[in-house]
Amino acid sequence: MNKVIALSITQLLQGFLVLTLINLISVLPVSAKNLYSYVLLGPNNQSIVRVIVDSDICPTLTSGSSRYPMRLRVKPENASEQAQHESFFPVGVCELNWPQGATHLSLDQQPLPELPTTVKQIAIVGDTGCRIKAPFSYQGCNDKKEWPLEEVSQSIAQEKPDVLIHVGDYLYRESTCMTEGCKGSVHGYGWDSWQEDVFKPMRAVMQATPMVLVRGNHESCRRAGEGWFRFFDPYPFDAQRACLNRSVSIISQPYAITLNHSLEWIVFDSAEVQEMHPSLNQAELKQNIEQVRALLEPHYHHWLLMHHPSLGYGYGKLIGWVGGTTAIFTLFNEEGQQPSLLSQFDFFVQGHIHTFEITNYQEKGLPINIVSGMGGTQLEDTFQQKSLHGFEVEKGVHIKHEVNDQHFGYLMYSEVGSTTTLMVKDASGKTRKTCLINTSQKEFECH
């Protein structure tokens with residue numbers, strides 16, 4: 001009898017312990033999986049750490065013995081919300097402004113990239129996603145030679161630049177694949193496409209260097225704008241200005257980043273410019289151009305970072321040679337104050353045309369125009385090998401000297417003493433061209 005009682009008590013205690021453990025486990029915090037991390041440079045030189053997680057639980061960053069909890073920027077969508085949205089994002093985004101005075105900030109014991117005090121080497125890339133656009137464009141996303149973004153990312157990371165500029169157009173998988181080269185690819189503007197077109201292939205460079213990200217026309221509200229505002233827009237998240245309604249146009253304000261106490265970058269959002277309807281959104285864009293002048297630091301050198309190449313040029317087998325994005329050039333050129341706004345910039349750094357270009361002009365007071373649109377998406381037709389001296393890219397603007405190159409890759413910009421160098425790299429990191437630039441004279445030579 002005593003044995004039976006003792007056995008019953010033992011079983012009760014065991015059951016109690018099991019229930020206690022279950023209850024404890026149920027109240028313990030569930031750890032989220034940190035999927036991707038990156039560091040953006042935003043307004044007022046603010047470094048912003050972002051982490052994409054598989055839940056709504058944010059990680060804690062560390063620096064020595066100090067701990068810095070991240071906050072939720074935007075929560076993941078659930079299954080019930082999937083039916084309500086054309087784009088579905090089942091991931092959360094956490095963020096934290098880099099704490100003042102903190103160095104060697106880490107996530108999961110891995111250091112996060114930090115902007116150095118002096119910037120010496122700058123990588124420039126753009127137009128990177130794999131192009132799937134019915135009815136004619138089906139890039140070979142499954143072939144790393146046809147779509148070499150992962151290799152480009154790894155090559156940039158190996159060079160260890162101080163900062164990366166991406167001049168826009170990240171997501172290109174817009175249609176169902178109809179060919180063998182992209183068979184099985186995801187498509188649309190939701191998380192699955194963002195992951196395949198951006199975060200997986202660009203993981204290496206995101207872990208290696210802080211980034212300045214420019215919004216391209218592929219990130220307009222009618223396309224992949226919702227993902228842009230979740231992941232890459234440097235401003236605080238505002239659901240009223242996050243492209244949740246794809247029929248609206250949302251234009252972010254320009255902002256400045258200063259480097260080395262002598263260089264200022266102005267980041268300008270041209271994503272909602274519609275080249276077929278140039279009058280749309282002009283009032284708001286004009287207001288932003290007025291803000292650009294207000295942002296300019298006197299006695300600094302200035303670059304304009306923008307997606308659309310207002311002073312660029314393109315070539316197509318069917319249409320021949322064409323100039324840049326007139327809607328943007330007109331706004332800058334008609335701004336009306338003196339000295340002219342165009343004359344305040346040493347460089348326009350842009351994308352949109354899937355090639356490399358560097359150009360100067362016969363007319364005075366214009367910047368050197370750089371296009372870096374060969375980061376991975378389907379390249380332009382090979383340009384005819386002919387001099388474009390005198391070609392009019394915009395009304396009253398004629399090319400003096402130009403160099404272009406239709407190969408996948410990226411650019412590396414550096415200043416050593418009085419020598420300014422722009423190196424054109426292929427996807428593997430091999431140098432294809434080296435351009436020596438005289439910034440004050442707006443002259444260059446490439447070999």
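The values are calculated or read from the model by the stated rules, or taken from the named source; none is laboratory data. Remember, predicted model here, so these are calculated numbers, not experimental data. Cβ placement follows ideal geometry from the backbone for every residue including glycine, while neighbour counts extend to all protein chains displayed.
Tabulated values for the structure
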quantity: When residues of the range 30-42 are limited to those that are over 15 Å from the mean Cα position of the chain (by Cα) and outside any strand (DSSP E or B), the one modelled with the highest pLDDT; calculated: 33
quantity: Within the range 352-372, considering residues that are at pLDDT 95 or above and in contact with a Pro (Cβ under 8 Å, 6 or more places away or on another chain), the one surrounded by the most Cβ atoms within 10 Å (Cβ to Cβ); calculated: 371
quantity: Counted residues, the range 391-419 - those being in contact with a Cys (Cβ under 6 Å, 6 or more places away or on another chain) and buried (at least 20 other Cβ atoms within 10 Å of the Cβ); calculated: 0
quantity: Subset of the range 224-273 (residues that are closer than 30 Å to residue 187 by Cβ, touching a residue at least 24 places away in the same chain (Cβ under 8 Å) and polar (S, T, N, Q)); calculated: 245, 247, 249, 252, 270
quantity: Scan of the range 61-73 for residues that are more than 9 Å from residue 94 (Cβ to Cβ) and surrounded by 13 or more Cβ atoms within 10 Å (Cβ to Cβ), ordered by number; calculated: 61, 62, 63, 68
quantity: The lone exception for residue 286 - which of (1) surrounded by 17 or more Cβ atoms within 10 Å (Cβ to Cβ); (2) farther than 25 Å from residue 40 by Cα it fails; calculated: (1)
quantity: Only listed residue being under 25 Å from residue 275 (Cβ atoms), at pLDDT below 95 and of a type outside the set (Val, Ile, Thr), chosen from 247, 220, 252, 175; calculated: 247
quantity: Residue in the range 377-400 that is in the same structural domain as residue 309 (by TED's automatic domain parsing), small (Gly, Ala, Ser), in a loop (DSSP other than H, G, I, E, B) and within 22 Å of the chain's Cα centre (by Cα) present; calculated: no
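To keep it simple, each residue is scored yes or no on (1) closer than 25 Å to residue 256 by Cβ; (2) at pLDDT below 95; (3) in contact with a helix residue (DSSP H, G or I) (Cβ under 6 Å, 6 or more places away or on another chain); (4) not small (Gly, Ala, Ser).
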| site | (1), (2), (3), (4) |
| --- | --- |
| 313 | no, no, no, yes |
| 326 | no, yes, no, yes |
| 338 | yes, yes, no, yes |
| 345 | yes, no, no, yes |
| 350 | yes, no, no, yes |
| 378 | no, no, no, yes |
| 381 | no, yes, no, yes |
